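Student: Structure provided below as structure tokens; questions to follow.
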Amino acid sequence: MSRVRWHELTHAYGSAEEVPGRLSRVAWGDAVTGASALSDLGLWLGELSVFDATAEAVPFLWDLAVTDSVASRADVIQLLRTILEQANPPRLDVQYAAHRAVLDGRGLADRLAGDRDAAVQAAAQGLVAAIDNHVCEACRPA
């Protein structure tokens, strides 16, 4: 995460400099701390629109989704799906980058769809379906 210039990126409410801290809280926090941090990330990165920070955060979200010690893996997977379903019409390049980052994790989604945790499995199956059915203006081939 230290290689990303978070302070130069934006999310729904401004500078993305606090994104790494929230990702770390999801990774290392207990269930309550992780859920709170994930809620912030959802608001910042995907529930309203996608942003340049979204595309940079998605690989870290994939890492969290496949890490068994993360308490909120199903919610992380749901955030990935939310990101795939959001747009940023004035910035199709940003939308494309965010969607591509989610789409590139298709193999991980397949693996998670067979997870032994039923909530993770269900969330991953929903994400696989969203990936397979994804069509948007930004991602449509030229």
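The values are calculated or read from the model by the stated rules, or taken from the named source; none is laboratory data. A quick note: this is a predicted structure, and the numbers were derived from the prediction, not measured. FYI the Cβ positions are ideal-geometry reconstructions off the backbone, even for glycines, and counts take in every protein chain you see. Heavy atoms of the whole protein, side chains included, go into the accessibility calculation; ligands, DNA and RNA do not. Shrake-Rupley method; radii C 1.70, N 1.55, O 1.52, S 1.80 Å.
Student: Could you list, in sequence order, all residues of region 65-87 that are farther than 14 Å from residue 32 by Cα and either of a type in the set (Asp, Glu) or in contact with a Pro (Cβ under 8 Å, 6 or more places away or on another chain) (or both)?
Tutor: Listed by number, the residues that qualify are 68, 85.
Student: How about region 101-142: which of its residues are open to solvent by less than 30 Å² (accessible area, probe 1.4 Å), modelled with pLDDT of 95 or more, within 19 Å of residue 54 (Cα to Cα) and not in a helix (DSSP H, G or I)?
Tutor: The answer is 105, and nothing else.
Student: Quick test for you: out of 19, 58, pick the one residue that is open to solvent by less than 20 Å² (accessible area, probe 1.4 Å) and either modelled with pLDDT under 95 or in contact with a Phe, Trp or Tyr (Cβ under 9 Å, 6 or more places away or on another chain) (or both).
Tutor: Answer to the selection: 19.
Student: Taking the options 53, 98, 74, name whichever one is open to solvent by 10 Å² or more (accessible area, probe 1.4 Å) and either closer than 17 Å to residue 123 by Cα or assigned to a helix (DSSP H, G or I) (or both).
Tutor: Values: 53 fails: open to solvent by 10 Å² or more (accessible area, probe 1.4 Å); 98 fails: open to solvent by 10 Å² or more (accessible area, probe 1.4 Å).
Result: 74 is the single residue among 53, 98, 74 that is open to solvent by 10 Å² or more (accessible area, probe 1.4 Å) and either closer than 17 Å to residue 123 by Cα or assigned to a helix (DSSP H, G or I) (or both).
Student: While we're looking at this one, here's another question. Return the residues of region 83-95 that are open to solvent by less than 70 Å² (accessible area, probe 1.4 Å), out of contact with any Asp or Glu (no Cβ under 6 Å at 6 or more places or on another chain) and not in a loop (DSSP other than H, G, I, E, B); say none if nothing qualifies. Let's see the steps before the verdict.
Tutor: The first filter runs over region 83-95 and keeps only residues open to solvent by less than 70 Å² (accessible area, probe 1.4 Å), leaving 83-84, 86-88, 92, 94-95.
Now narrow it down to the ones that are out of contact with any Asp or Glu (no Cβ under 6 Å at 6 or more places or on another chain): 83-84, 86-88, 92, 95.
Within region 83-95, 83, 84, 92, 95 meet the criteria.
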